[in-house]
Amino acid sequence: MTDWILEVREINTYYGPIQALKRVSMKAKPGSFVSIIGANGAGKSTFLKTTIGLVKPQSGHILLEGKDITRFSTHKVVKLGVGLVLERRQLFGPLSVLDNLMLGTYRFSRQERKSQVEMSLERVLSLFEILRERSRQKAGTLSGGEQQMLAIGRALMANPKLLLLDEPSLGLAPLFVTQIFETLKELNNQGISVVLVEQIARLALEISDHGYGLATGRIATDGPA
């Protein structure tokens, strides 16, 4: 058994001729909360996209519970228990809240759906009661904070053991930011490992076990939060 739920080893990621990540390494223990902080353009979003397979690194390795997933498709990585909440939510605005949540269950087989979907849905709606009230409302008509709750809820519908989040505070009122961060800590207390990419360093580190500072595509510093 490995000591790490996620282990990234010296990945180099490019967009054409431009190198976005330069020998980036990080580790996260099962049940831990890790934050990656840095300015715009530091490579934070690219790191998450590389981790889940949306972008392939030119070199290096990504391991999930000791299993090398570097060349796995995103679909396969999600099936292994990794969820991603994208920057700016990326919801389907014309669809209802419930429909958006149900899209998060695509990783389950037909047999698994019978037992898993209802349980996952109740878990999410209990966590975000406002989504229960607005389950038939179009996602595009929700406030920014409610949309962020929906984006997190959609990722949770797949019952992930590792949750990756890209700038969940972006564009939100302070009250919603506080509520979202409290929810993330609650999820972590329930046993979900969290890797949070965030610009608001103070808030991120307050709820984290370990932090990494990313600058111009490199890990500049890391240590206990």
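The values are calculated or read from the model by the stated rules, or taken from the named source; none is laboratory data. On a predicted model such as this, the values are computed, not experimentally measured, just so you know. Because the Cβ atoms are built from the backbone with ideal geometry, glycine has one as well, and the counts that use them run over all protein chains shown. Calculation scope for accessible area: heavy atoms of the full protein, side chains included, ligands and nucleic acids excluded. Shrake-Rupley method; radii C 1.70, N 1.55, O 1.52, S 1.80 Å.
Only one residue in Thr183, Thr141 is open to solvent by 40 Å² or more (accessible area, probe 1.4 Å), farther than 29 Å from Lys22 by Cα and out of contact with any strand residue (DSSP E or B) (no Cβ under 6 Å at 6 or more places or on another chain), so which one is that?
Of the residues listed, the single one that is open to solvent by 40 Å² or more (accessible area, probe 1.4 Å), farther than 29 Å from Lys22 by Cα and out of contact with any strand residue (DSSP E or B) (no Cβ under 6 Å at 6 or more places or on another chain) is Thr141.
Enumerate the pairs (first residue in region 144-171 and at positive phi; second residue anywhere and of a type in the set (Lys, Arg) and open to solvent by 20 Å² or more (accessible area, probe 1.4 Å)) with beta-carbon separation below 9 Å, excluding pairs fewer than 6 apart on the same chain, so at least 6 apart or on different chains.
Asn159/Arg107; Asn159/Arg123; Glu167/Arg88; Gly171/Arg88
From the set of residues in region 202-225 that are within 13 Å of Lys44 (Cα to Cα) and among the hydrophobic types (A, V, I, L, M, F, W, C), which is least open to solvent (accessible area, probe 1.4 Å)?
Taking the candidates together, the pick is Leu214.
Restricting to region 207-225, give me the number of residues that are under 17 Å from Val195 (Cβ atoms) and in contact (Cβ under 8 Å) with a residue 60 or more places away in the chain.
So the answer is 11.
Specify the residue that is most open to solvent (accessible area, probe 1.4 Å); the eligible residues are those in region 21-44 that are more than 24 Å from Gly191 (Cβ to Cβ) and small (Gly, Ala, Ser).
Per the criteria, the residue is Gly41.
Could you list all residues from region 49-77 that are of a type in the set (Val, Ile, Thr) and open to solvent by less than 20 Å² (accessible area, probe 1.4 Å)?
Selection gives Thr50, Thr51, Ile52, Ile62, Ile69, Thr70, Val77.
Can you pull out every residue in region 24-58 that is within 18 Å of Val77 (Cα to Cα), among the small types (Gly, Ala, Ser) and part of a strand (DSSP E or B)?
Selection gives Ala28 alone.
Given the condition among the acidic types (Asp, Glu), open to solvent by less than 60 Å² (accessible area, probe 1.4 Å) and assigned to a loop (DSSP other than H, G, I, E, B), answer yes or no: does some residue in region 163-171 qualify?
Yes.
Is it the case that region 1-20 has a residue that's within 17 Å of Val194 (Cα to Cα), open to solvent by 30 Å² or more (accessible area, probe 1.4 Å), in contact with a strand residue (DSSP E or B) (Cβ under 9 Å, 6 or more places away or on another chain) and assigned to a strand (DSSP E or B)?
No, the conditions are met nowhere in region 1-20.
Do you know which of the residues in region 111-138 that are closer than 20 Å to Val177 by Cβ and free of Cβ contacts under 8 Å to residues at least 24 places away in the same chain is most open to solvent (accessible area, probe 1.4 Å)?
Step by step, filter region 111-138, then rank; the result is Glu129.
Looking at (1) in contact with a strand residue (DSSP E or B) (Cβ under 6 Å, 6 or more places away or on another chain); (2) open to solvent by less than 20 Å² (accessible area, probe 1.4 Å), which one does Leu86 not meet, given that it meets all the others?
The failed condition is (2).
Condition (residue is over 30 Å from Arg136 (Cα atoms), under 15 Å from the mean Cα position of the chain (by Cα) and at pLDDT 90 or above) applied to region 88-102: is it met by at least one residue?
Looking for residues that are over 30 Å from Arg136 (Cα atoms), under 15 Å from the mean Cα position of the chain (by Cα) and at pLDDT 90 or above, one finds none in region 88-102, hence no.
Go through (1) within 15 Å of the chain's Cα centre (by Cα); (2) small (Gly, Ala, Ser); (3) within 19 Å of Pro224 (Cα to Cα) one by one and return the number of the condition Ala201 breaks.
Here Ala201 meets the rest and fails (1).
Taking region 29-42, which residues are at pLDDT 95 or above and farther than 19 Å from Phe181 by Cα?
Answer for region 29-42, where residues must be at pLDDT 95 or above and farther than 19 Å from Phe181 by Cα: Lys29, Pro30.
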